[in-house]
Every structure is written in structure tokens, then in C-alpha cells.
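First the structure, in the form of C-alpha cells, and then the observations on it.
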Amino acid sequence: MSDEVKDERRIPVGISACLTGEEVRYNGGHKRSRYCLEVLGERFAFEPFCPELEAGLGVPREPIRLVGVEGEEPRVVGTRDPELDVTDRLAAVSQAFIDRHRHLRGFILMKGSPSCGLERVKVYRPDNGMPSHSDAGAFVRELRRHFPELPLEEEARMNDAVLRENFITRVYAYDDWLRRVAAEPSYHELLQFHSRQKYLLMAHDVEAYRALGRYLAESSKRPLDQAMAHYLERFMAALSTPATRKTHANALMHVFGYLKAALDGETKQDLLAAIDDYRRGHVHLAVPIRLLNHYLKRYGSDYIRAQTYLDPHPYELGLRNTL
């Protein structure tokens with residue numbers, strides 16, 4: 001990232017309140033996340049939210065669960081008292097939260113929760129009370145419906161290095177969009193955003209990279225708000241696909257192309273060997289990235305040095321040391 005983008009301010013990110021240590025779970029407990037608070041808390045300004053508490057269910061409270069049949073949106077009802085139906089209350093407080101929190105850059109969720117679970121939350125049949133399928137929690141469904149561009153992830157899934165890096169990459173990319181494009185909308189800012197995000201996009205979804213390039217070539221013929229909305233939706237959806245060693249290697253080779261004319265044969269072979277070692281799983285992504293950055297500082301153009309792919313999130317988080 002450029003010096004303008006890399007600053008020390010913390011980014012606003014939502015989080016399930018129980019993950020911050022607040023005792024808001026149905027049994028009066030919490031699920032405090034050390035990683036969120038002690039590591040990500042250095043970079044994120046967390047804004048806790050518990051939809052069940054906000055809906056007036058209290059602490060402690062009767063557990064709730066999803067009930068329904070496959071193909072229909074489940075209801076949220078009491079585990080012991082099925083007459084307790086809080087579906088509409090949860091929808092109302094969720095929508096109110098979204099209306100007040102458009103400034104958020106992401107949201108970290110509690111696994112398995114009937115309100116905050118990102119996926120694989122059990123849905124029980126209304127006739128016999130047996131699990132039949134799974135869905136997202138009620139709050140998550142509202143986020144996806146009314147705030148689809150917001151990066152979402154479960155705290156437990158961030159134990160996976162690829163999913164962790166993917167979520168944090170999306171948070172910083174969305175932050176870039178909000179500060180550079182949404183804050184001062186123009187075709188110029190839209191094109192500049194795409195220009196610096198090109199190889200990050202390529203590493204995640206080559207087809208989206210090509211499609212968005214073609215779309216932007218004609219974007220000035222469309223209303224600006226329409227062009228921005230289409231681009232953002234497709235861009236964030238593309239980034240939600242985790243990059244692989246193969247797709248990273250492809251992006252690395254494209255970046256390497258900007259150095260070929262400036263480097264001697266031995267140096268080029270060293271860089272190609274580092275990229276191939278990464279592709280074959282022998283080294284982490286940080287190795288070829290560090291080598292490329294070293295030579296780009298000396299020989300790279302302003303265009304290629306500005307690519308967020310080379311530095312998509314704070315180096316101190318060490319995310320590419322585990323990929």
C-alpha cells in the first residue's frame with residue numbers, strides 16, 4: 001500500500017459481543033477471543049453487538065434455535081418453549097444495527113449461534129424437533145440481505161491461516177474503497193481503485209479480474225452510482241474466494257514481468273525459483289513477496305509499486321508467513 005493508505009488508525013469492525021468477554025450468552029457466559037482482542041485489537045476498533053440481548057431476551061435466557069423446513073427461511077424460536085418466536089424482533093434489531101453501522105469494515109461472528117452463526121447452524125424440523133439441515137444465523141441473514149458487501153467471518157474459522165488472511169485482506173480492501181471511492185465518488189477514483197487492486201483481484205478470481213476490467217472500460221457510459229454499486233458487489237464477491245498457491249503464483253509472475261527488463265539473468269532465476277518454490281509448497285508466500293518488493297523498490301514503476309497485492313494488510317500481523 002502507499003504511505004497514504006498505511007496509517008496507524010484502527011479500522012472499525014463489528015464483533016459478536018460474547019467474543020470480547022461480555023457475559024451476554026444465554027447461560028450468562030462469554031467466549032472471549034484472545035486472538036481478536038490481543039492481536040487484531042491492535043489494528044481494529046471493535047464495536048460489539050449481541051442481537052439476542054438487543055432484542056430483549058435478557059441474560060440468562062431460554063436458549064433459542066432455528067426451526068423450519070429446507071427451502072424456506074427458518075424461524076427463531078425457544079428451545080423449550082416453541083411459542084417463544086423472536087424472528088421478527090431479531091430482524092428489527094438487526095436492521096437497526098445495520099442502519100447505524102454502515103461505517104464498519106467487517107464483522108467477526110460467533111460460531112454456531114442461531115443469531116450470529118455464519119454457516120452450518122442446525123435447523124430443526126417443526127414436527128419432530130430433529131435437525132434436518134443447516135443455515136446461517138438470523139443476524140447474518142440480515143447482514144447479507146442489507147449489507148452484502150461487508151466482509152464476514154467466524155472467529156473459530158480464523159484458526160485456518162487461509163481464511164484468516166482472506167478475511168483481513170477483505171477488511172482492508174473494503175476500507176480502501178470507503179475512504180478513497182465512497183468518500184469522494186468519481187469515475188477517476190473508481191478507475192484508480194481498480195488500478196491498485198488489479199493483482200490482488202487476479203490472485204483471488206481471474207475471471208472477475210477480466211470481467212471488471214471490461215466493465216470499467218465502458219463504465220463512463222453508465223450512471224456513476226450504478227457503476228460503483230456493480231463494481232463493489234463483484235469485487236467483494238471475488239475477494240471472498242480464497243486465493244490458492246496456483247492463483248498466487250500466477251499473480252506473482254505478472255508482477256515479476258515488470259522487472260524482467262531491469263534484472264540480470266541470475267537475479268531473474270532467483271526470483272523465478274522463489275515463486276516456483278512457493279507454488280510447490282516449499283516456502284510461504286512471504287518469501288517471493290519479500291524478494292519482489294526488494295527489487296521493485298529499486299526498479300519498479302510507480303504503478304506496480306502501488307499494487308495493494310504486495311502489501312494488503314499490516315506486515316506486523318505476519319499473515320503471509322503462514323500461507
Scanning for something of a type in the set (Lys, Arg) and surrounded by fewer than 17 Cβ atoms within 10 Å (Cβ to Cβ), does segment 58-73 turn up at least one residue?
no
Can you spot a residue in segment 152-161 that is aliphatic (A, V, I, L, M), in contact (Cβ under 8 Å) with a residue 40 or more places away in the chain, in contact with a strand residue (DSSP E or B) (Cβ under 6 Å, 6 or more places away or on another chain) and not in a helix (DSSP H, G or I)?
yes
Looking at segment 297-306, is at least one residue basic (Lys, Arg), free of Cβ contacts under 8 Å to residues at least 24 places away in the same chain, in a helix (DSSP H, G or I) and under 20 Å from Ser186 (Cα atoms)?
no
Taking the stated definitions as given, is Tyr174 within 20 Å of Thr308 (Cβ to Cβ) and surrounded by 21 or more Cβ atoms within 10 Å (Cβ to Cβ)?
yes
If Arg34 satisfies all but one of (1) exposed (fewer than 15 other Cβ atoms within 10 Å of the Cβ); (2) within 30 Å of Ser195 (Cβ to Cβ), what's the number of the condition it fails?
(2)
Is it the case that segment 128-135 has a residue that's at pLDDT 95 or above, assigned to a loop (DSSP other than H, G, I, E, B), surrounded by fewer than 20 Cβ atoms within 10 Å (Cβ to Cβ) and not hydroxyl-bearing (Ser, Thr, Tyr)?
no
Restricting to segment 276-304, and then to whatever is small (Gly, Ala, Ser) and closer than 21 Å to Asn166 by Cβ, can you tell me which residue is surrounded by the fewest Cβ atoms within 10 Å (Cβ to Cβ)?
Gly281
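The values are calculated or read from the model by the stated rules, or taken from the named source; none is laboratory data. Since the model is a prediction, treat every value here as computed from it, not as a measurement. Glycine also receives a Cβ, built like all others from the backbone with ideal geometry; neighbour counts cover every protein chain displayed.
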